[in-house]
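Chemist: First the structure, which I've put down as structure tokens, then a few questions once you've had a look.
The values are calculated or read from the model by the stated rules, or taken from the named source; none is laboratory data. Values in this document were obtained by computation on a predicted structure and should not be read as measured data. Cβ placement follows ideal geometry from the backbone for every residue including glycine, while neighbour counts extend to all protein chains displayed. Keep in mind that these areas ignore ligands, DNA and RNA; they rest on the heavy atoms of the full protein, side chains included. Shrake-Rupley method; radii C 1.70, N 1.55, O 1.52, S 1.80 Å.
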Amino acid sequence: MKFIQQYKNLSKEIYVLFFGRVVTSMGSLIWPLLTLILKNKLGYNATTIATITMAMSILQFPMLLLGGKLADTMNRKKIIVCCDMVTVISYIICGLLPLSGYSIALFYLAGVFATIEGPSYDALVADLSDSESREKAYSLQYLGMNLGLVLSPTIAGFLFENYLGLAFIITGIATFSSTLLIILFVKQLRVEKKKVSKYEEKRENEHVFKILWERRPILIYALVAGFGGLVYAQFNYLLPLNMETLYGAKGAAIFGMLTSTNALVVIIATPIITTFAGRIIDVRKILIGESLIILGLFGYRFVQGIMPLYFVLMVIFTVGEVFNTLGNQPYMTRRMPSTHWGRVNSFIYTVSGAFSAWGNILIGKIVDNSGYDRAWLAVGAFGVATIVLAVTLNIMDKKQFYLLYEKKEGKVEG
């Protein structure tokens, strides 16, 4: 029971956002299969898919920065609701149109508005929790997202061949349902903080890059997010392409089962890791998480065609994802002024997205020219770079943000 009790005494709005995450994720039937839609339904090769992904990512970068600026200057709830309504309309139109390049463009438009709201959503969770409860608040949101994802990718895999339009419509309805929850029940937009650390104190009218330059470990953190994001992106890019090559159209169903396994392990592991790893500071969680993600994902190079081992590696990958998420989400908000959370979040997302898009282009070219074995080797090389950067971050972080370690060395909340 203590795994559940740890989520007690959070603000009511945190629970509303949790249920919203569950509903949205239950209907997220398209994103996990987007690579397969472009490959199997529209006939694009790996390089073309990566080029499309990169082009859309480039369009999203200024929207991320806009989203961060809006999150720090406007009502965060209104931003979330307005962006959600655009995504809902886009998803439903996609479901009603015959599948084509136009419907994919419309789907990416929905993704752009989801991107704009991202910094507001993350900052709102931080506003509704204090430093000591923040990891549990983010942990609950992450748990909610994955509760909804347990069945949705598998259902999407079965709808993939003949009922893809229905999957788009379900995604739109689910997003609207979660938006309605936020409209009706999120009334309070921040809670009174029991304790505000020196690093979170407001600094009005100061440029975000001035503060980033003062707190340089955050720049290393951005590089960790970049290289780590590049590696993690292969879960939804190289892995489904590999499954499609090995198993044809059935690869969508197999990949859907792997994604559902990922969500199921998250549900089991998140409360356990949140409880027992609470003594590990967030930056060390990031190092542990990135290492396990790389081990789990790179392992697919060695198990081609051995299906039971796909699921073993997915468990390793997912445990790493849980550690990484529990470290990443509170990390920045404990080290930056609350007046800049939205903009710094958007900066980190932009770096991660840029690396992921460029990485997909590179991995796609390697697949087309040299095959999957060389592509997985490249993933492993980027993984090594990520671990080196994460070790560097741990060293620099302790020197710069020593107050977070002073309170109780070895008992610092992550």
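Chemist: Could you give the length gained by full extension between TYR163 and ALA105, i.e. 0.36 nm per residue of separation minus their alpha carbon distance, to one decimal place?
Modeler: 18.9 nm
Chemist: Turning to a different aspect of this structure: Mind checking the angle between helix 101-127 and the chain's longest principal axis? C-alpha axes, 0 to 90 degrees, to the nearest 10.
Modeler: 20
Chemist: May I ask which residue of GLN329, VAL319, THR259 lies farthest towards the positive end of the charge dipole of the stretch 238-337, with charges of +1 (Lys, Arg) and -1 (Asp, Glu) on Cβ and the Cα centre as origin?
Modeler: Ranked along the dipole, the leading option is GLN329.
Chemist: Let me ask something additional. Set the Förster radius R0 to 45 Å, insert the Cβ-Cβ distance between ILE4 and TYR247 as r into 1/(1 + (r/R0)^6), and round the FRET efficiency to 0.05.
Modeler: FRET efficiency, ILE4 to TYR247: 0.70.
Chemist: Now for a different question. How much accessible surface area, in Å² rounded to 10, belongs to the heavy atoms of ILE387 with a 1.4 Å probe?
Modeler: 50
Chemist: With the cut-off at 1.5 for a/c, could you classify the stretch 1-135 from its C-alpha gyration tensor as rounded, prolate or oblate?
Modeler: prolate
Chemist: Roughly speaking, to the nearest percent, how much of the chain's 1.4 Å accessible area is carbon and sulfur?
Modeler: For the chain, the apolar C and S fraction of the accessible surface comes to 68 percent.
Chemist: As I understand it, the dipole of the chain uses +1 on the Cβ of Lys and Arg and -1 on the Cβ of Asp and Glu, about the Cα centre. Which of LEU184, THR339, ASN242 lies farthest toward its positive end?
Modeler: Farthest towards the positive end: THR339.
Chemist: Of GLN304, GLN60, GLN141, which is the most mobile in a GNM of the chain whose springs link Cα atoms less than 10 angstrom apart?
Modeler: GLN304
Chemist: Could you calculate the FRET efficiency of VAL191 with PHE302 from 1/(1 + (r/R0)^6), where r is the beta carbon distance between them and R0 is 35 Å, rounded to 0.05?
Modeler: 0.15
Chemist: With a ≥ b ≥ c taken as the square roots of the eigenvalues of the C-alpha gyration tensor of the stretch 173-307, please select rounded if a/c is under 1.5 and otherwise prolate if a/b is larger than b/c or oblate if it is not?
Modeler: Cα axes put the stretch 173-307 in the prolate bin.
Chemist: Can you give me the angle between helix 282-298 and the longest principal axis of the chain, using Cα atoms only, in degrees from 0 to 90, rounded to the nearest 10?
Modeler: Between helix and principal axis, roughly 10 degrees.
Chemist: From the Cα gyration tensor of the chain, with a ≥ b ≥ c the square roots of its eigenvalues, which class applies: rounded if a/c is under 1.5, or else prolate if a/b is larger than b/c, or else oblate?
Modeler: Prolate, because a/c is 1.5 or more and a/b exceeds b/c.
Chemist: Also: On a full-extension model of 0.36 nm per residue, what is the gain between ASN205 and LEU66, subtracting their alpha-carbon distance, rounded to one decimal in nm?
Modeler: Extra length from ASN205 to LEU66 when fully extended: 48.3 nm.
Chemist: Quick one: angle between helix 341-370 and the longest Cα principal axis of the chain, in degrees between 0 and 90, rounded to 10, please.
Modeler: 30
Chemist: A further question follows. With only Lys, Arg, Asp and Glu charged, each at its Cβ (+1 for the first two, -1 for the last two), find how big the charge dipole of the chain is about the Cα centre; round to the nearest 20 debye.
Modeler: Using only the charged Cβ atoms, the result is roughly 880 debye.
Chemist: I've got another one for you. Treat every Asp and Glu Cβ in the stretch 56-173 as -1 and every Lys and Arg Cβ as +1, leave all other atoms uncharged, and give the resulting dipole magnitude about the Cα centre to the nearest 20 debye.
Modeler: Magnitude of the dipole: close to 200 debye.
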